[in-house]
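See structure below.
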Amino acid sequence: IRVVEQGGAIPGLAYRGQTWASNWSGTYPLRGAISYVTGSHSSKFGFLRTHYTTDDRAADPQGIAYRFLNGVPNQLTLSGAPRRILEEHTTFGLYAQDSWTIKRLSVQGGLRYDRMTQTFPEQTVGFTRFIPNGFIVPESKGVNWNDITPRMSAAYALTKDGKTALKVSLGKYVDAQDGGGTFGVNLNPTARLPVNTVTRAWNDANRDYNPDCDLLNPLANGECGADSNLNFGKNIYTNFYDDNLIHGWGVRPFNYEFSASAQREILPRVGLNVAYFRRWFGNFVVTDNRAVGPEDFSSFSITAPADSRLPNGGGYTIDGFVNVNPNKFGQENNLVTSSTNYGKYIENWQGVDINLTARGFKGVTLSGGLSTGRTKLDQCEVTKKLPEMLLGLASYNVANANVWLAQSQCARTEPYLMQFKMLGSYVIPHVDVLISGTIQSNPGPQAPANFKIGRAHV
């Protein structure tokens, strides 16, 4: 039986029993385009059609896994495997773009139409160790999306000598779908049934490393707590999708991208480019567990451990953690819907690039510059109405899956992170040998201060 060690010298270490999975997918694209080009004007029209299929299978010979904390059992996970998830979807895009040059001004505009449809073939669930009573899930339809997205840009030579140019662009882009995520495998009716995995608390009082309880009984008994989802293995949907989210025009998650830049030849063969970028996102998706409300959660605080790597050495109090009340534990009736039903949800990024390039000085080429940017995220209005989002469950679309957050952490604005990059090359005369080198300084990866807490720290 597979074991995952929660603590110990190597937290997260998995050992013993194995599982296996296979994923077969096929993509069948068809595309075409036609262009018309003259000296000052060009147009292009085209289309793209892609048909995508996937067959995702997983098996778990034992159907059960243990979790230990420093060698002491505290939880077990039951699996509905072997399982098989099937999906087909088709995307179609039609676009037109036009470009004109009028003296020192060049402008380009485009419009794109996108359509995506989904089908989930008939699938079988269960007939396994922990789901002995299996059933058939009939064929069903998924998303039916239509989007029209604009894109435009302009470039203007500010001076007649062509040494200074201003450029600006704006475009809207919809999320690509490849069979995974919220509108892929998660939308599949088989995946929306509580049949994949379920967890149970386990108090192995006699330390025989065997759960002395009836595992087919979802309620607490013997050494085992109740199923984290009391509908596990049943033909009962606990995850639903808002129809307005999966059908219609302009409902797909998207982002806008804007840029503005100035280019200047400051010396012969030496150019300076300064650019500003901004990206903002929309049509956010959240999961509302309708079996509970904000009143069904209690709040608690924890004391951060003493650690020199934490602000002021740790030891401070963090307020605003929540947990569902015991009388509501294990109850799920999830609705995947738009965040606008609950409040303001903001995510954006902005940054600046400064680059200098010098070319052709007796075989020497140099290029380098600075880049900085930051992300802003604010989910506070939404998490006040949906405190379950703070519990770090992947089904609630929280970026920090499996990490509990406090309400005080529902918003963040990162500091501007600076990057420096420089490259150079030189061609050795007569032998035509090119030598080159690069140097760069980048911000390191985020170092999250995740802490495993017990009741003693609450």
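The values are calculated or read from the model by the stated rules, or taken from the named source; none is laboratory data. Given the structure is predicted, the values throughout are model-derived calculations rather than measurements. Glycine gets a Cβ as well: all are built from the backbone with ideal geometry, and neighbour counts include every protein chain shown. Protein only, heavy atoms only, side chains kept; ligands, DNA and RNA dropped before computing areas. Shrake-Rupley method; radii C 1.70, N 1.55, O 1.52, S 1.80 Å.
For the reader, a short list of remarks on this structure follows.
- Given R0 = 51 Å, the distance between the Cβ atoms of A205 and Q440 translates into a calculated FRET efficiency of 0.35.
- Relative contact order (percent, whole number), the chain, Cα cutoff 8 Å, 6+ residue spacing: 10 percent
- In this structure, the amide hydrogen of F284, modeled 1.01 Å from its nitrogen in the peptide plane, lies closer than 5 angstrom to those of S339, counting only residues at least 5 positions away or on a different chain.
- Only alpha carbons enter this Debye calculation for the range 340-452, each as an equal point scatterer, and the log10 of I(q)/I(0) it gives at q = 0.09, 0.12, 0.18, 0.22 Å⁻¹ is -0.46, -0.64, -0.96, -1.19.
- Among beta bridges that DSSP assigns inside the range 278-354, antiparallel share in %, nearest 5: 100 percent
- Given K141/K385; K385/K452; K344/K376; K328/K452; K172/K385, the pairs whose alpha carbons are separated by over 20 Å: K141/K385; K385/K452; K328/K452; K172/K385
- For the range 124-131, backbone phi angles converted through the Karplus equation (6.51, -1.76, 1.60; θ = phi - 60°) give residue-by-residue couplings of 10, 10, x, 6, 10, 4, 9, 10 Hz, Gly and Pro being listed as x.
- Cross-link partners for K163 among the aspartates and glutamates, with Cα-Cα distance under 17 Å and sequence neighbours closer than 8 places in the same chain left out: E265.
- Couplings 3J(HN,Hα) for the range 248-257, derived from phi with the Karplus relation 6.51 cos²θ - 1.76 cosθ + 1.60 (θ = phi - 60°), are x, 9, x, 9, 6, x, 8, 8, 9, 10 Hz, where x marks Gly and Pro.
- Computed on protein heavy atoms with a 1.4 Å probe, the accessible areas place S228, S436 in the order S436, S228, largest first.
- Taking a ≥ b ≥ c as the square roots of the eigenvalues of the Cα gyration tensor, the range 53-141 is oblate, since a/c reaches 1.5 or more and a/b is not larger than b/c.
- Overall form of the chain per C-alpha gyration tensor (a/c, 1.5; a/b vs b/c): prolate
- Where both bridge residues fall in the chain, DSSP classifies roughly 95% of the beta bridges as antiparallel.
- The alpha carbon gyration tensor of the range 231-339 gives principal lengths a ≥ b ≥ c with a/c of 1.5 or higher and a/b no greater than b/c, which makes the shape oblate.
- Percent antiparallel among DSSP beta bridges (both partners in the range 129-277, rounded to 5): 90 percent
- The accessible surface of the chain, taken with every protein chain in place and a 1.4 Å probe, is 56 percent carbon and sulfur.
- Shown here for the range 33-127: GluC sites (Glu not before Pro) in loop regions (DSSP other than H, G, I, E, B) with at most 14 other Cβ atoms within 10 Å, namely E122.
- Amide N of the range 124-154 lying under 17 Å from the label point, which is placed 7 angstrom from the Cα of N244 along Cα→Cβ: 144-146
- Quarter the surface of the alpha carbon convex hull of the range 157-315 and you get the mean projected area, 20.4 square nanometres.
- Exposed loop sites are taken as trypsin sites (Lys or Arg not before Pro) in a DSSP loop (any state but H, G, I, E or B) with at most 15 other beta carbon atoms within 10 Å; the longest stretch of the chain without one runs 363-451.
- What the chain shows is 56 Å² of accessible area per residue, with the surface traced by a 1.4 Å probe over protein heavy atoms.
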